[in-house]
Amino acid sequence: MKADPAVQRQLLELAKVDAELSRVAHRRRTLPEIAEIDAGEKTVREKRDALVSVETAASDLDREIARQEKEIESVRAREDRDRKLLESGSVGAKQMTDIEHELQTLARRRTALEDDLLELMERREALDLDAQRTGAEVDKATAEVAAATGRRDEAVKDLDTTQARRDEDRGKLVPRFPEPLLKLYTRTLEHKGIGAALLRARRCGACQLELDRNTIAEIKAQPADEVVQCENCGAILVRTLESGL
Ligand SMILES: [Zn+2]
């Protein structure tokens with residue numbers, strides 16, 4: 001393939017623009033905030049699950065406390081009834097002794113129930129603290145995700161700006177190249193990542209391979225308007241005075 005050496009040299013400008021576009025695309029995929037947001041969202045989910053567990057345990061315990069209080073209430077009601085019976089003076093001596101016994105039993109039972117209730121309430125308090133702590137952790141993780149999302153959006157905005165500028169540069173450059181040359185460049189760019197590079201000091205500017213004596217001699221023998229490609233990476237080798245030929 002043949003192309004005006006001046007046009008070939010302009011391929012270097014296009015290659016520079018494409019290299020920056022490729023850096024932008026790579027950066028877009030590998031922004032550290034992306035991993036940060038993923039990890040943060042995972043933490044938020046885990047903390048929310050933990051909070052739901054604590055809240056479920058708390059409402060289970062609330063039901064248990066209510067049952068316990070009801071039970072204590074019924075013991076207390078029975079004690080009141082017994083006491084009223086005793087005070088009424090309407091019971092005989094034998095029944096009186098029985099009621100006094102029952103009152104003692106009821107008092108022991110109530111004390112045991114009240115001790116249990118106290119323990120339940122202590123556990124409930126601990127769950128409250130746990131819920132507060134976990135809730136704060138959910139808030140913290142949520143805020144971290146929001147901050148990382150903000151930073152990512154800023155970075156993406158910058159990348160969008162750079163990309164728009166380089167796309168514009170590219171739009172201006174592309175019409176300068178004849179169709180077959182552009183096709184060759186594009187194919188190499190797509191397959192190898194670099195479409196054209198400077199041959200500098202006998203080294204391919206794309207793959208950095210130093211060309212051997214024979215290859216250099218072959219390139220040297222080609223007329224200036226011949227399009228030469230690196231035999232290693234396929235990039236179009238643009239020859240200038242720096243090429244060391
Ligand atoms: Zn090469």
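Distance check, please: which entries in K16/K220; K192/K220; K16/K157; K172/K220; K16/K42; K42/K192 exceed 28 angstrom between their Cα atoms? Over 28 Å apart, Cα to Cα: K172/K220; K16/K42; K42/K192. With a simple spin-label model that places each label point 7 Å from the Cα along the Cα-to-Cβ direction, the separation between M96 and I34 comes to 9.1 nm. For q = 0.19 Å⁻¹, what log10 I(q)/I(0) does region 31-173 give under the Debye formula with an equal point scatterer on each alpha carbon and no solvent? For region 31-173 at q = 0.19 Å⁻¹, log10 I(q)/I(0) is -1.05. The base-10 log of I(q)/I(0) for the chain, evaluated at q = 0.11, 0.14, 0.16, 0.18 Å⁻¹, reads -0.80, -0.97, -1.09, -1.21 [Debye formula, identical scatterers on Cα atoms, solvent excluded]. For region 142-245, the share of accessible area belonging to carbon and sulfur comes to 49 percent (1.4 Å probe, ligands and nucleic acids excluded). Calculated accessible area for region 31-173 comes out at 67 Å² per residue, all protein chains present (probe 1.4 Å; ligands, DNA, RNA ignored). With the convex hull of the Cα atoms taken as the outline of region 64-136, the averaged projected area works out to 5.3 nm². Choose one of I236, M121, G195: the residue whose Cα lies farthest towards the positive end of the charge dipole of region 96-245 (beta-carbon charges +1 Lys, Arg; -1 Asp, Glu; about the Cα centre). Of I236, M121, G195, it is I236.
Between the Cα long axis of helix 32-88 and the first principal axis of the chain there is an angle of about 0°, rounded to the nearest 10. Region 1-56 and region 184-207 have Cα centres spaced 24 Å apart. Here the accessible area is traced with a 1.4 Å probe on the protein chains. For region 1-140, carbon and sulfur cover 52 percent of it.
If only the Cβ of Lys and Arg carry +1 and only the Cβ of Asp and Glu carry -1, the dipole of region 31-173 around its Cα centre is close to 220 debye. Rounded to the nearest 20, the size of the Cβ-charge dipole of the chain about its Cα centre is 1780 debye, with Lys and Arg at +1 and Asp and Glu at -1. The coefficient of translational diffusion for region 41-88, derived via Stokes-Einstein from the alpha carbon Kirkwood radius under 37 °C and 0.692 mPa s, stands at 238 µm²/s.
Compute the helix-to-body angle for 5-30: its Cα long axis versus the longest principal axis of the chain, expressed 0 to 90° and rounded to tens. Relative to the chain, helix 5-30 is tipped by roughly 10 degrees.
The lysines whose alpha-carbon is closer than 28 Å to the alpha-carbon of K84, local same-chain residues fewer than 8 away aside, are K70, K94. Diffusion coefficient of region 99-245 by Stokes-Einstein, Kirkwood radius over Cα pairs, 4 °C, 1.567 mPa s: 57 µm²/s. If I fit a long axis through the Cα atoms of helix 93-173 and take the longest principal axis of the Cα atoms of the chain, what angle between them do I get, 0 to 90°, rounded to 10? Between the helix axis and the principal axis of the chain, the angle is about 10 degrees.
The values are calculated or read from the model by the stated rules, or taken from the named source; none is laboratory data. Nothing here was measured: the structure is a model prediction, and the numbers come from that model. Cβ atoms come from the backbone with ideal geometry, glycine included; neighbour counts cover every protein chain shown. Ligands, DNA and RNA are stripped out before the accessible areas are found, and what is left, the full protein with its side chains, is counted by its heavy atoms. Shrake-Rupley method; radii C 1.70, N 1.55, O 1.52, S 1.80 Å.
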